Amino acid sequence: MLPLARGFVLILVAMPLALFGASRSTDAGEGAAADDVLRTFYLEATVDVEDEHGPGALTHLRWWYQAPDLVRAEFETLEPADEAGTSVLVWDGDQQWFYNHREGTHSATPLPDLPEGMHPPLPVSTLLGPVPGDDIEALLDEIAEEWRLIDTATLLGREVQVYEWGPTWHSSGPDGARSGGTARVSVDTGDGMILRSEVDAGGGGQSYLAEVTRLDWNVAVSASRFEFTPPAGSQPADAQGGDSSSGSGSATAVPAPN
């Protein structure tokens with residue numbers, strides 16, 4: 001999985017969208033597609049992490065999606081300053097490439113076989129990005145002991161539904177079992193997009209706020225965007241005893257939205 005900063009890992013989800021027309025900024029209704037029409041997108045997001053037991057982190061995500069086997073995600077670490085740099089994940093149609101800027105290594109692994117109607121996973125630890133709008137409650141049923149719809153709001157000009165659940169962590173020790181933390185996601189159910197995700201750890205370590213700051217649907221993306229060239233000085237991960245699958249992630253495939 002992709003480390004963002006000492007101990008923190010980002011989890012992202014992509015959906016299969018096909019090239020269709022030119023880029024458009026997100027306005028009400030524009031992301032919606034006719035039956036059997038799939039869409040490309042370009043997305044930017046920030047992930048701001050606070051850690052009660054150590055330094056926090058600030059990461060900027062850039063994410064291009066053209067097809068189930070054509071994906072590029074760039075994870076730019078802005079803070080802490082001594083870990084600044086950009087890691088890159090590319091699905092080029094044949095292989096999955098990953099460049100780890102902290103280690104200065106790159107690796108390639110075969111693209112996994114995905115069931116029909118599923119989109120490829122990206123390395124993840126927060127819910128952000130495409131999720132089938134009709135399935136958000138089923139998803140929450142899987143990950144939360146109890147959840148509730150608490151509000152509606154507006155993000156990027158879109159109406160979103162805000163869901164909340166907790167606890168987000170459990171622990172046990174000499175003083176007995178403990179739990180705490182509250183999580184919220186803001187979901188544009190019209191397009192099946194989680195636009196904001198946050199966790200207040202409440203004494204349990206890391207809290208974070210992840211938010212989509214730009215979303216362009218139906219983006220015409222140059223084929224060169226999905227080509228991978230190792231940065232100057234990068235070494236093959238296995239040549240340094242690294243894990244050649246370090247960029248593959250462990251998230252399971254998720255049903256694609258209509």
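Before moving on, here are some points about what is shown:
- Selected residue [modelled with pLDDT under 90 and either assigned to a strand (DSSP E or B) or crowded, with 20+ Cβ neighbours inside 10 Å (or both)] from 54, 31, 21: 31
To keep it simple, each residue is scored yes or no on (1) of a type in the set (S, T, N, Q); (2) more than 21 Å from residue 53 (Cβ to Cβ); (3) in contact with a Phe, Trp or Tyr (Cβ under 8 Å, 6 or more places away or on another chain).
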{"site": "154", "(1), (2), (3)": "yes, yes, no"}
{"site": "170", "(1), (2), (3)": "no, no, no"}
{"site": "177", "(1), (2), (3)": "no, no, no"}
{"site": "180", "(1), (2), (3)": "no, no, yes"}
{"site": "205", "(1), (2), (3)": "no, no, yes"}
{"site": "208", "(1), (2), (3)": "no, no, yes"}
{"site": "221", "(1), (2), (3)": "no, yes, yes"}
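- Complete set of residues in segment 182-203 that are closer than 25 Å to residue 52 by Cα and among the aliphatic types (A, V, I, L, M): 183, 185, 199, 201
- Residues of segment 210-230 satisfying the condition of being among the basic types (Lys, Arg) and within 13 Å of residue 43 (Cβ to Cβ): 214
- The combined condition, being of a type outside the set (Phe, Trp, Tyr), farther than 17 Å from residue 41 by Cα, outside any loop (DSSP other than H, G, I, E, B) and at pLDDT below 85, is not fulfilled by residue 251.
- Single match in 103, 44 (criterion: within 19 Å of residue 221 (Cβ to Cβ), at pLDDT 90 or above and not polar (S, T, N, Q)): 44
- Residue that is farthest from the chain's Cα centre (by Cα) [pool: residues in segment 201-235 that are closer than 30 Å to residue 166 by Cα and loosely packed, with under 15 Cβ neighbours inside 10 Å]: 203
The values are calculated or read from the model by the stated rules, or taken from the named source; none is laboratory data. Every value quoted in this text rests on a predicted model; they were computed, and no experiment measured them. With ideal geometry, Cβ positions are generated from the backbone for all residues, glycine too; neighbour counts draw on all protein chains shown.
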